[in-house]
Protein chains: 2
Amino acid sequence: MDIAALRSANPDHWKKATAIRALTLDAVAAANSGHSGMPMGMADVATVLYEKHLKFDPTNPNWPDRDRFILSAGHGSMLLYSLLHLTGYADMTLDEIRNFRQWGAKTAGHPEYGHATGIETTTGPLGQGISNAVGFAMAEEMLRARFGAKLMDHYTYVIAGDGCLMEGVSQEAIGLAGRHQLSRLIVLWDNNNITIDGTVDLADRTDQVARFRASGWHVLEIDGHDPAAIDAALTEAKTTAEPTMIACKTHIALGHAAQDTSKGHGALTNPDQLAAAKEAYGWPYGPFEIPSDVKSAWEAIGHRGATTYAAWAKRLADTSPARQAEIARIFNRDMPVKLGARIRALKKQISAEAPKVATRQSSEMVLEVVNPILQETVGGSADLSGSNNTRSGDMSVFDVDNRKGRYIHWGIREHGMAAAMNGMALHGGIRPYGGTFMCFTDYARPAMRLAALMKIPTVFVMTHDSIGLGEDGPTHQPVEHLAISRATPNTWVFRPCDTVETAEAWELALTSKETPSVLSLTRQGLPTLRREHKAKNLTAQGAYVLADATGKRQAILMATGSEVEIAMKARDLLEAEGIGTRVVSMPCWELFEEQDDSYRRRVLPAGPVRVAIEAAIRFGWDRWLYGERGRREKGGFVGMHDFGASAPAPTLYKEFGITAEAVADKVKSLL
Amino acid sequence: MDIAALRSANPDHWKKATAIRALTLDAVAAANSGHSGMPMGMADVATVLYEKHLKFDPTNPNWPDRDRFILSAGHGSMLLYSLLHLTGYADMTLDEIRNFRQWGAKTAGHPEYGHATGIETTTGPLGQGISNAVGFAMAEEMLRARFGAKLMDHYTYVIAGDGCLMEGVSQEAIGLAGRHQLSRLIVLWDNNNITIDGTVDLADRTDQVARFRASGWHVLEIDGHDPAAIDAALTEAKTTAEPTMIACKTHIALGHAAQDTSKGHGALTNPDQLAAAKEAYGWPYGPFEIPSDVKSAWEAIGHRGATTYAAWAKRLADTSPARQAEIARIFNRDMPVKLGARIRALKKQISAEAPKVATRQSSEMVLEVVNPILQETVGGSADLSGSNNTRSGDMSVFDVDNRKGRYIHWGIREHGMAAAMNGMALHGGIRPYGGTFMCFTDYARPAMRLAALMKIPTVFVMTHDSIGLGEDGPTHQPVEHLAISRATPNTWVFRPCDTVETAEAWELALTSKETPSVLSLTRQGLPTLRREHKAKNLTAQGAYVLADATGKRQAILMATGSEVEIAMKARDLLEAEGIGTRVVSMPCWELFEEQDDSYRRRVLPAGPVRVAIEAAIRFGWDRWLYGERGRREKGGFVGMHDFGASAPAPTLYKEFGITAEAVADKVKSLL
């Protein structure tokens, strides 16, 4: 690459882009780790994007109508940090850049949502950013349809690398974006032909241009170091009816000895090579030094957004107070006050009517009540709409000609659905939930983990949550998936035992601001066990006494979901034999763990034998089977010990020994 | 669809294909559940495939050189069961078909590997079969290169549906197959335009033909109900230099009232409609009744393979005894006797030299010893070769012009890698292992679960297994992933503390015949803790006493992997204060669980306080922190309580309080 030619062709542009390259080199050298090559290769593209196209205002970083910039190739985090610092985001100080990858810094190895303003999503696990972006772009379409283009009218830009495009989830994202003609989604592919192991063709020879076109994208191919070409491509991309992919031919680690090599992907820390690169750039400044003219030029770019923001703020102020309040509410993730009353009314009705329904149907009953009063909820399913019961009667289907549709047919794409839902939640103004079979938590895992890490309240509706699924067999029967979700930090796993608990779980999931929820719901019908109406949300305590021993308390049965019914029947058997038995319903371990010691001890007092019942493996239950600090409780477990099998559900419960009789026998064997 | 025209155009073909349709309708009706439409739609394609192309012998179902038929659209299991029954697989009796989806039957809702011969892999979770198939086809290429075309010369056929192609993992598979020009891989796409939620275009409008071509596939488009067209396409597919995708335009639930609708995807049980469909088919037979002429015609197809098999067996018998023994050995998943000796020699050398290395490097040291004596191992990495240390010096890279290569650059495709490794293991003659960062267990999860369910010994090499990864931060730091793998039935999770344990873990992983292994390995260097050589494989016991208390035993420290070093240092601190402290290394919980009670009690006797140390969340540890059956031990945990952070590893250990001092303090607080 002829660096000199690049320098002389566009000296003003060159200096701005080189500020990114120099900060990257300096920060990586200081940390002695990181990824230098990508920011150095994509600096030109990013500079043109921020200078000429991106709508942003560093002084109002959370402006709802800003364009979103998503660094899907998150390892190139210094690209984003440099841009945020240079354009004037107050919290991205030079000290933060100096402390790249150090304890307590906002400049983590990969961009972490919530660490600094301007980071729209956490990226690093490849393919996530581009898939989040589909959700961002859908959210924009929905909110524009709802509030009008005067208030909502922006683009979602993505920088994605070869790794993002090789991950399977990218195909799910590409297919969705093409299907829904998300014309405001613009992906800039860092086409540098390098991965960690070598050149891309070691592992892939896919014609990416043809691949994107096959899914209905507009595709442009440019020299990623030519500012005019970048500008022209972005200009064109904003006018098309389809999502656009701009293939940017770039040189990884441009201008460095490691240019165009895998070595260039990683940390370039050799001082001589670093000096030589800066020399080639014509950048005679010290580490972390940005000359004032370059900093001024970048800050001028940052300042421009203020005018646009002010005009938007005025348009917002010109709307009705109700509309302003509604926008503030949904972007603040607040629930309307009436939500609680509606949930309580439903609970009261259910306790009185006591229907026997599957909790997936219970969930639908709740959605029928809450969706009409929450215009920000967006439901969907990964091609299991009739099974997941995620569509309420008021929801029309989101489509190219119905952007107000609040129900999404995600297709057979659990991972893409989860990642796009995260994108919607991150965009703001939308409360996404989506369904699949609980077993396919596996497919959605990478995105579910990121929801927890990012602290966003995405709701995963996981139905058919045990062997109760029946004949579809062990490939479709979760046994370890409750443990998997419970093991994940900052995740609420709700396994309600009836419609009342399902309503309480939904109330908690919807009022959550920083914790995603997994709703584990049955295929099979369950009786209403909460027959006495209580206004209080008992699920909020995580576990509670559903039925106490009538005489001396000799046993405590702990259960969740469909097995609470079995626990209640076992209690009947035991009480008939004079064995006083308490049943504790434990719909949410995480919330129970958060209660104070005294409440936990009241629910699970020392002394009685304890038996847990769950149609899943035991893993994790020992936390509750033995008393804290080695007290003397004996614990037993009735549940699964291996994968399931294909047969009708009642047969499976019987054959696997998950019955009231087995529970009673277990208790007696421990007494 | 004009059924009458189809019937009259090819009456002999029609009858054979209709036998599949009729069995499907009858079995689903009897079970009152299942998926009728796909077998009814693809019966013609499958009939021509089995009649004219598939090399198989029902009397030698495990013949190494058979063609493999993979039903990626596993919900259409009755297609496969019908074919197996009709062509004469002895274990697929009519009674099994009658018991479709019932307890104990071989005819599970989705095809389960191991339930019946002729089921090559477990499918159902969509996209898995087509991704397994890539591994099957790679295995064939490798073994053909190794043993010659006289012994290894077959094709891999896949039937995949829209769901398979929408799942992201299919893109990883398609990219791999195209890259490696797997010309003997032939995918038959059931292009019926129907998913559960409706027509495919509800969720996807991808031009699949263009998509496959973009990744270097040969693509043909045919009428999936025209036997001549199917035959011609399969004939052509076998001659190309690329993998071939045959887009078969079909009608789901052909000839039934539900034809071409989503309803047709599911269980078609209405008796009148069933009768009407059979009437249209010209099939006047009772439930499960196959007229003798049709059964004979099918059995004749089944018999044909016997001649081909005999010729192959003769060619095999003509080779050297050594070659025959080697082929028998590798297809029987036996290890050579010398493996044990080589592992013991390495252990002895390591105990003497006591190197300080990361366990990922330890793993490489083991591979350098074992790979030269195991020509069936195939290594690889999802674009982290230098980090996962999965390539030994004797391994060349698998490529189009080097089919003997035993190292695979999988690309940034953890899921596709895991699924393809499963395919290799299922094919037989190959022992696959592959690496990525432990955190990306998430991406590979669906295939890892299936390895466990199928009982195949795939080895997942998961490096950078904790916050010890350092600066890359929480997106790359596993905290819940040990729990996730431990929660999965039939999975050995090894977390070795040094090179000796790593060698022992590899020995167990390689000698396993029915259990997949996860090797959880560090990025950071660890001392050799097993300084005294023991020939016995201590890791096989799951946990053992690494260092005992010198005086009265007051505390037991339990740890795995990198935290065993911390436990040993804590022991020093405690012993110095006169607190007798035992250290138990627990490299594999699952194997410890399998030991008898008395061994477990010897290792973890009642009485002393117990503290577990692991740089991961506590979830699952309570199983070991309290005595069985409520004995009085007190338990404490030193580890992670949330996601990690970005900083150098030593800083993280210190900041998160995972230190010898913290462990000693915890013990003292419990005493």
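Each value in this text was obtained by applying a stated rule to the coordinates, not by laboratory testing. Predicted, not measured: the structure shown is a model, and the values here were computed from it. All Cβ positions, glycine included, derive from the backbone under ideal geometry; neighbour counts span all protein chains shown.
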(message) In whole Hz and in residue order, list the ³J(HN,Hα) couplings for region A:559-569 that follow from phi through the Karplus curve 6.51 cos²θ - 1.76 cosθ + 1.60, θ = phi - 60°; x for Gly and Pro.
(response) 8, 9, x, 5, 8, 5, 4, 5, 4, 5, 5
(message) Using the basic label-point model (7 angstrom from Cα toward the beta carbon), what is the A:ASP223 to B:TYR599 distance in nanometres?
(response) 6.9
(request) Could you work out how far apart the two model spin labels at B:GLU368 and B:GLU289 are, taking each label as a point 7 Å from the Cα in the direction of the beta carbon, and quote it in nm? (result) 7.2
(request) Any chance you could check the Cα centroid distance between region A:164-197 and region A:644-666 for me, in angstrom? (result) 46
(request) Let me know the mean shielding of A:208-214 by other chains, meaning the per-residue number of their Cβ atoms within 10 Å of its Cβ. (result) 5
(request) Take the alpha carbon gyration tensor of region A:1-77, find the square roots of its eigenvalues, order them as a ≥ b ≥ c, and report rounded if a/c is under 1.5; if not, report prolate when a/b exceeds b/c, else oblate. (result) oblate
(message) For peptide A:125-136, what's the mean number of Cβ atoms from other chains within 10 Å of each residue's Cβ?
(response) 2
(request) Calculate, for A:ASN32 and A:ARG531, the FRET efficiency according to 1/(1 + (r/R0)^6) with r their C-beta to C-beta distance and R0 60 Å; round to the nearest 0.05. (result) 0.40
(request) Using a cut-off of 13 Å between beta-carbons, work out the net charge of the residues near B:PRO64 (Lys and Arg +1, Asp and Glu -1, B:PRO64 not included). (result) +2
(message) Suppose every Lys and Arg Cβ carries +1 and every Asp and Glu Cβ carries -1, with no other charges. What dipole size does region A:154-303 come out with about its Cα centre, to the nearest 20 debye?
(response) 380
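Lys and Arg at +1, Asp and Glu at -1: add these up for the other residues within a Cβ distance under 15 Å of B:ALA31 and post the number. Mind dumping the intermediate values first?
Numbers: positive: B:ARG98, B:ARG101, B:LYS106; negative: A:GLU471, A:ASP472, B:ASP26, B:ASP95, B:GLU96.
Every neighbour counted, the sum reads -2.
How much mean residue ellipticity at 222 nm does the protein assembly as shown get from its helices, if each DSSP H run of length 4 or more adds -39500 (n - 2.57) and you divide by all residues, to the nearest 500 deg cm²/dmol? Working shown, then result.
Numbers: 52 runs with 578 residues, N = 1342.
Helix-only estimate at 222 nm: -13000 deg cm²/dmol.
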(message) Placing +1 on the Cβ of each Lys and Arg and -1 on the Cβ of each Asp and Glu in region A:3-310, which of A:ASN32, A:PRO291, A:GLN181 has its Cα farthest towards the positive end of the resulting dipole?
(response) A:GLN181
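When you count, for each residue, the other Cβ atoms within 10 Å and take the mean per peptide, how do A:1-11, B:78-88 rank with the highest first?
Values: A:1-11: 14.0, B:78-88: 26.5.
With the highest mean Cβ count within 10 Å placed first, the list reads B:78-88, A:1-11.
Roughly what % of DSSP beta bridges within chain A run antiparallel, to the nearest 5? Don't skip to the end; give the middle numbers.
Numbers: 8 of 66 bridges.
The antiparallel proportion sits near 10 percent.
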(message) Give me the Å³ per residue figure for the convex hull around the C-alpha atoms of chain A.
(response) 157
(request) Just name one of A:PRO321, B:THR156, B:HIS256: the one whose Cα is farthest towards the positive end of the charge dipole of the protein assembly as shown (beta-carbon charges, Lys/Arg +1, Asp/Glu -1). (result) A:PRO321
(message) Ranking request for peptides A:655-667, A:489-501, B:281-293: highest mean number of other beta-carbon atoms within 10 Å first, then the rest in descending order.
(response) A:489-501, A:655-667, B:281-293
(request) For A:LYS552, go 7 angstrom from Cα along the Cα-to-Cβ vector, then report the distances to that same point in the other copies in nm, smallest first. (result) 3.6
(message) Please compute the average number of Cβ atoms from other chains found within 10 Å of each residue's Cβ in peptide B:192-205.
(response) 6
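Size of the dipole of the protein assembly as shown about the Cα centre, Lys and Arg at +1 and Asp and Glu at -1 on the beta carbon, nothing else charged, in debye to 20?
Numbers: 144 positive and 156 negative charges, 675 e Å.
So the dipole magnitude of the protein assembly as shown works out to roughly 3240 debye.
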(request) Rank B:VAL667, B:LEU23, A:GLY435 by how far each Cα sits towards the positive end of the charge dipole of the protein assembly as shown (+1 on Lys, Arg Cβ; -1 on Asp, Glu Cβ) and give me just the farthest. (result) B:VAL667
(request) Run the dipole for region A:3-310 about the Cα centre, Lys and Arg Cβ at +1, Asp and Glu Cβ at -1, nothing else charged, and hand back the magnitude in debye, nearest 20. (result) 460
(message) I want the local charge near A:ARG342. Using Cβ-Cβ distances under 13 Å, sum +1 for each Lys or Arg and -1 for each Asp or Glu among the other residues.
(response) +1
(message) What would the Debye equation give as log₁₀ I(q)/I(0) for region B:3-310 at q = 0.15 Å⁻¹, counting only Cα atoms as equal point scatterers?
(response) -1.19
(message) Can you list residues from other chains, or at least 5 along the same chain, whose modelled amide H is less than 5 Å from the amide H of B:GLY435?
(response) B:GLY380, B:SER381, B:ALA382, B:VAL461
(message) What distance in nm lies between label points placed 7 Å from Cα along the C-beta direction at A:ASP642 and B:ALA306?
(response) 3.5
(request) Could you please state, rounded to a whole Å, how far the C-alpha centre of region A:242-307 is from the C-alpha centre of region B:1-57? (result) 62
(request) Estimate the FRET efficiency between A:ALA275 and B:VAL397 by the formula 1/(1 + (r/R0)^6), using the beta-carbon distance for r and 30 Å for R0, to the nearest 0.05. (result) 0.25
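Can you compute the equivalent ellipsoid semi-axes for the protein assembly as shown, i.e. the square root of 5 times each eigenvalue of the Cα gyration tensor, sorted largest first and rounded to whole Å? Don't jump to the answer; show the numbers that get you there.
Numbers: eigenvalues 365, 315, 263 Å².
With the √(5λ) rule applied to the protein assembly as shown, the semi-axes are 43, 40, 36 Å.
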(request) Rounded to the nearest 0.05, what FRET efficiency do A:ARG329 and A:ALA5 give with R0 = 41 Å and r taken as the Cβ-Cβ distance? Could you check? (result) 0.15
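What is the antiparallel percent of DSSP beta bridges lying wholly in region B:539-669, to the nearest 5? Mind showing how you got there, number by number?
On the way: 3 of 20 bridges.
Of all bridge pairs located within region B:539-669, approximately 15 percent are antiparallel.
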(message) Need one number: % antiparallel among DSSP beta bridges in the protein assembly as shown, to the nearest 5.
(response) 10
(request) Enumerate the amide H contacts of A:ILE70 below 5 Å, restricted to partners 5 or more residues apart or on another chain; note that Pro and chain-start residues carry no placed amide H. (result) A:TYR157, A:VAL158, A:ILE159
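Can you bin region A:403-468 into rounded, prolate or oblate? Criterion: square roots of the alpha carbon gyration tensor eigenvalues sorted a ≥ b ≥ c, rounded for a/c under 1.5, prolate for a/b above b/c, oblate for the rest. Could the numbers behind the result be given before it?
On the way: a/c = 1.97, a/b = 1.33, b/c = 1.48.
Oblate.
Rounded if a/c is under 1.5, else prolate if a/b beats b/c, else oblate: with a ≥ b ≥ c from the C-alpha gyration tensor eigenvalues square-rooted, which is region A:337-527? Could the numbers behind the result be given before it?
Details: a/c = 1.30, a/b = 1.02, b/c = 1.27.
Because its axes are fairly even, with a/c under 1.5, region A:337-527 counts as rounded.
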